[in-house]
Amino acid sequence: MHRVTNLSAMVQPNRSPARVRLEHSLIDVASTTARDEKAIAVLADACQSGRTTPARLLENLGDRPRLKRKRLLVEVLEDVAEGVCSVLEHRYLTRVERPHGLPHAKRQRRVRPGRSAAYRDVEYLGLGCVVELDGRLGHEERLDQWNDMDRDIDSVVGGDITMRLGWRHVLDPCRTAIAVGRLLAARGWTGQLGPCSKRCPVHEKGDLPAPRPGRTPLFTRPDGLSA
């Protein structure tokens, strides 16, 4: 048995039997799940599929002042409104890009470089650099992999460079930030990286440390050279 107040505002009166509105249910699930990643996935998936919008979910949150984990959910929805569409993209934004002072990127920008339209996960406008985040969910089929390669080829032909990252890279955010920073610097970025913590390998002045001898490189180019 679950007791609530103001039930009439939560249900859809035109449905029979009456049922709770989608936004209210999504917020309930996201606020009670044990893991932050699950909460992000619930909200991002619902918005990406078009069943609701970040604005409607934020409005629902505004009516629930005592909700558990409300601050986290507001931050997640603000990022989803900006274009973040998955847990992996949210982690890249909040653990790689922002804490290390990388430039603010455009997310989910619609482009038409080839025969069909595509959406770029992360694009650093003006620098010709695209970051595609592949969480290996929905990318398992060979056809999907070929489509990813086609988009990368289209980007190169158009003068852009694509860096494709997965969970391994985002779970090592400092090294990934260094790699992205080096790529952006090579493309004309004049900013500086900053350390995310006292233990971050990025120097306080924004210097990029040289790779440590004997350590496996984070990225390997097709010609076999480390990047």
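Please treat every number below as a calculation from the coordinates, not as lab data. As the structure is a computational prediction, the values presented were derived from the model and not from experiment. Reconstructed Cβ throughout: ideal geometry from the backbone, glycine too, with neighbour counts over all protein chains shown.
Here each label is just a point 7 Å from Cα along the line to Cβ, and for Tyr119 and Arg3 those points are 4.3 nm apart. In this structure, the amide hydrogen of Glu132, modeled 1.01 Å from its nitrogen in the peptide plane, lies closer than 5 angstrom to those of Met163, Arg164, Leu165, counting only residues at least 5 positions away or on a different chain. When each of Leu67, Leu93 is scored by the number of other beta-carbon atoms lying within 10 Å, the sequence from fewest to most is Leu67, Leu93.
In terms of the mean number of neighbouring beta-carbon atoms within 10 Å, the peptides 95-102, 15-22 order highest first as 95-102, 15-22. For Lys70 and His104, the difference between the fully extended length at 0.36 nm per residue and the C-alpha to C-alpha distance is 9.7 nm. Once the Cβ-Cβ distance of Thr52 and Arg112 is raised to the sixth power relative to R0 = 25 Å, the FRET efficiency obtained is 0.35.
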